[in-house]
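Working notes, structure below.
The values are calculated or read from the model by the stated rules, or taken from the named source; none is laboratory data. This is a predicted model, so every value here is computed, not measured. Counting neighbours? That spans all protein chains shown, and the Cβs are built from the backbone with ideal geometry, glycine included.
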Amino acid sequence: MDSLIDTHELELALEDPHLRVFDATVHFATGRSGLSGRADWEAGHIPGSRFVDLLAELSDSDSSLPYTRPSTGHLEETLGQLGIGQDSRIVVYAAAPENTMWATRLWWLLRAAGLENVALLDGGFAKWKVEGRPISTGPCLYPPTNLSAKPDESWWATKHEVLAAIGSGAVCTLNALPGSLHTGQAEMGYSRPGRIAGSSNAPFTGVVDSATGTLRSNADLREHFQPSGALEGERVISYCGGGIAATLNGFALRRLGHSNVGVYDGSLNEWSRDAELPMETGDEENGLP
């Protein structure tokens with residue numbers, strides 16, 4: 001299964017008994033706080049789809065950091081309750097283009113757990129509605145399964161790996177946040193402004209076409225990532241504020257064929273809290289303070 005599926009193909013597959021469709025919508029309410037998109041799903045969703053609450057169901061509630069991935073055991077139990085098995089054909093989507101990063105966050109969690117048959121719905125629910133495709137308000141329950149995850153830790157990066165990568169020509173540490181946050185000209189409530197030392201920038205906003213909500217063409221994506229050095233790096237470590245937007249960049253890079261991309265789950269939420277971990281501000285290209 002391709003990592004990207006279009007709305008027409010999904011509609012044709014809705015009767016597939018192995019199909020599992022999940023809405024992963026989360027909204028940023030105030031600042032960096034997330035608000036579940038369950039109400040959006042209840043108001044209308046793709047027929048047969050189920051809502052996944054990434055905040056309550058698929059985050060580590062014991063972590064001091066928001067949104068961090070749960071343990072393998074928790075993941076297996078939750079995904080099993082959601083009806084996901086190794087033979088499932090899984091499609092993930094979000095309500096609107098600005099929510100796409102949450103769909104790729106779910107995609108990333110599933111792929112890192114060893115599930116290979118997972119696709120992102122190109123354009124999400126917004127495109128589905130515009131095209132006049134069927135909408136349901138009914139509940140959905142898939143039969144529970146006993147899922148045995150096969151986690152691949154290369155899909156993730158820790159702060160120790162990020163620290164070791166500083167100055168390494170083989171690793172591109174890539175910031176998915178907007179340029180003004182990368183340079184430290186703007187702040188978003190992290191403990192320190194700026195970026196991880198030595199990291200480059202490719203804002204997540206350049207991955208999805210804001211007008212259509214669809215992923216940009218491969219040619220446009222290559223042009224977007226080229227200045228950052230991500231396409232040439234033997235390994236890419238993608239980060240943002242809390243490991244969400246980083247998955248959108250990671251998804252796009254893997255679509256382009258880069259097979260060695262890890263998401264730094266703690267991202268700036270973790271890195272900026274530790275004064276011993278180096279950060280930079282200013283314009284990286286021109287050396288401006």
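Some notes on this structure:
- Leading residue by the ranking (surrounded by the fewest Cβ atoms within 10 Å (Cβ to Cβ)) among those in segment 188-225 that are of a type in the set (A, V, I, L, M) and under 17 Å from the mean Cα position of the chain (by Cα): Leu221
- Residue under evaluation Lys127, criteria (1) surrounded by 15 or more Cβ atoms within 10 Å (Cβ to Cβ); (2) more than 13 Å from Leu10 (Cβ to Cβ); (3) outside the structural domain of Asn249 (by TED's automatic domain parsing), criterion not met: (2)
- Among the residues of segment 258-282, those identified as farther than 15 Å from Ala197 by Cα and part of a loop (DSSP other than H, G, I, E, B) are His258, Ser259, Asn260, Asp265, Gly266.
- For segment 22-43, the criterion of being assigned by TED's automatic domain parsing to the domain that holds Ile135, under 25 Å from Ala252 (Cα atoms) and over 19 Å from the mean Cα position of the chain (by Cα) is met by no residue.
- Scan of segment 215-242 for residues that are outside any helix (DSSP H, G or I) and more than 22 Å from Tyr67 (Cβ to Cβ), ordered by number: Leu215, Arg216, Ser217, Gly229, Ala230, Leu231, Glu232, Gly233, Glu234, Arg235
- Options Leu75, Leu79, Leu54: the member that is without any contact (Cβ under 8 Å) to a residue 60 or more places away in the chain, of a type in the set (A, V, I, L, M, F, W, C) and on the phi < 0 side of the Ramachandran plot: Leu54
- Whether a residue is under 21 Å from Arg111 (Cβ atoms), assigned by TED's automatic domain parsing to the domain that holds Thr173 and of a type in the set (Lys, Arg) was assessed, and Arg254 passes this test.
- Residue in segment 98-112 that is surrounded by fewer than 18 Cβ atoms within 10 Å (Cβ to Cβ) and in a loop (DSSP other than H, G, I, E, B) present: no
- Residue match in segment 176-193 (condition: touching a Phe, Trp or Tyr at 6+ places or on another chain (Cβ under 7 Å), in a strand (DSSP E or B) and either at pLDDT 95 or above or assigned by TED's automatic domain parsing to the domain that holds Tyr67 (or both)): no
- Among the criteria (1) closer than 24 Å to Ala94 by Cβ; (2) not in a loop (DSSP other than H, G, I, E, B), the one Arg133 does not fulfil is (2).
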